[in-house]
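Below is one structure; the comments refer to it alone.
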Amino acid sequence: MNKVIEINHPLIQHKLTIMRDKNTGTKDFRELLTEISMLMAYEVTRNLPLEEVEIETPLVKTKANIISGKKLGIVPILRAGLGMVDGFVTLIPNAKVGHVGLYRDPETLKPVEYYLKLPKDTPEREIIIVDPMLATGGSSVAAIDVLKREGAKNIKLVNLVASPEGISEVHKYHPDVDIYVASVDEKLNEHGYILPGLGDAGDRLYGTK
Ligand code: PRP
Ligand code: URA
């Protein structure tokens with residue numbers, strides 16, 4: 001069964017509260033999502049393997065650790081997932097970035113795939129899928145389906161806000177994928193929106209409706 005890792009650092013909780021507020025505008029929403037993503041990236045990469053190398057400080061020769069050639073791929077689910085990319089690549093500048101385009105049909109709530117561009121060596125990379133919202137779980141499950149179809153074996157899912165229903169859905173179809181979240185909220189409403197949530201992440205991020 002996959003783990004759910006709730007990253008509830010005080011800075012993340014504080015920033016997420018401001019994001020949830022309906023009076024927070026696009027500029028602040030976007031900046032806060034980047035800041036929280038950076039803080040989440042710190043935690044998501046906590047177990048990256050290290051290797052010892054020899055270096056010379058201005059004073060002596062010494063051995064010290066560096067991250068050992070682990071290849072990472074950040075894959076945002078378009079469109080709202082794009083808002084998490086800058087935070088991740090600021091901390092992991094050598095990561096490649098793929099894109100999976102999915103939108104949720106407003107009638108059926110089912111995800112529709114419309115774009116895919118992944119790093120060539122996706123099967124060799126540890127893939128980190130990012131999307132602020134895990135609601136019904138349809139989009140995240142579909143994105144993981146796509147990544148596995150393209151050969152990815154080692155996948156993590158990072159969401160800002162998740163519903164219990166969405167987590168169950170990922171558990172059901174992809175029990176091997178660990179989920180990192182800043183908050184597990186109460187439930188979904190009848191339109192598939194997370195309560196209390198923060199509304200439509202893509203629209204708030206880009207100022208659309
Ligand atoms: C939002 C969000 C997720 C999806 C979550 O995207 O960014 O991708 O909904 O819902 P689910 O768990 O029920 O699938 P949306 O479809 O609104 O597209 P957008 O990012 O282009 O706004
Ligand atoms: N997508 C969003 O952007 N927000 C929700 O609450 C659910 C799906």
Residues of the range 7-26 being under 23 Å from residue 75 (Cα atoms) and open to solvent by 70 Å² or more (accessible area, probe 1.4 Å), in sequence order, are 8
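Would you check which residues across the range 20-40 are aliphatic (A, V, I, L, M) and either in contact with a strand residue (DSSP E or B) (Cβ under 7 Å, 6 or more places away or on another chain) or in contact (Cβ under 8 Å) with a residue 60 or more places away in the chain (or both) and list them?
Initially, the range 20-40 is screened for residues aliphatic (A, V, I, L, M), giving 32-33, 36, 38-40.
Passing the criteria: 33, 36, 40.
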Taking the range 91-117 and keeping residues under 24 Å from residue 70 (Cβ atoms) and within 16 Å of ligand 2 (Cβ to nearest atom) leaves 100
Can you name every residue in the range 27-58 that is hydroxyl-bearing (Ser, Thr, Tyr) and out of contact with any Asp or Glu (no Cβ under 9 Å at 6 or more places or on another chain)? 42, 45, 57
Looking only at the range 79-90, decide whether some residue is more than 16 Å from ligand 2 (Cβ to nearest atom) and more than 29 Å from residue 16 (Cα to Cα). no
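Name the single residue, out of those in the range 177-192 being surrounded by fewer than 19 Cβ atoms within 10 Å (Cβ to Cβ) and within 10 Å of ligand 2 (Cβ to nearest atom), that is modelled with the highest pLDDT.
At the first step, the residues of the range 177-192 found to be surrounded by fewer than 19 Cβ atoms within 10 Å (Cβ to Cβ) are 178, 184, 186-187, 189-192.
Adding the requirement that they be within 10 Å of ligand 2 (Cβ to nearest atom) leaves 189, 191-192.
Values: 189: 97, 191: 92, 192: 94.
Checked the range 177-192; the qualifying residue modelled with the highest pLDDT is 189.
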Condition (residue is touching a strand residue (DSSP E or B) at 6+ places or on another chain (Cβ under 9 Å), farther than 20 Å from residue 170 by Cα and of a type in the set (Gly, Ala, Ser)) applied to the range 136-150: is it met by at least one residue? no
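The values are calculated or read from the model by the stated rules, or taken from the named source; none is laboratory data. Just so it is clear, the model here is predicted, and its values are computed rather than measured. Positions of Cβ are backbone-derived with ideal geometry, glycine not excepted, and every protein chain shown enters the neighbour counts. Please note that ligands, DNA and RNA were not included when accessible areas were found on the heavy atoms of the full protein model with its side chains. Shrake-Rupley method; radii C 1.70, N 1.55, O 1.52, S 1.80 Å.
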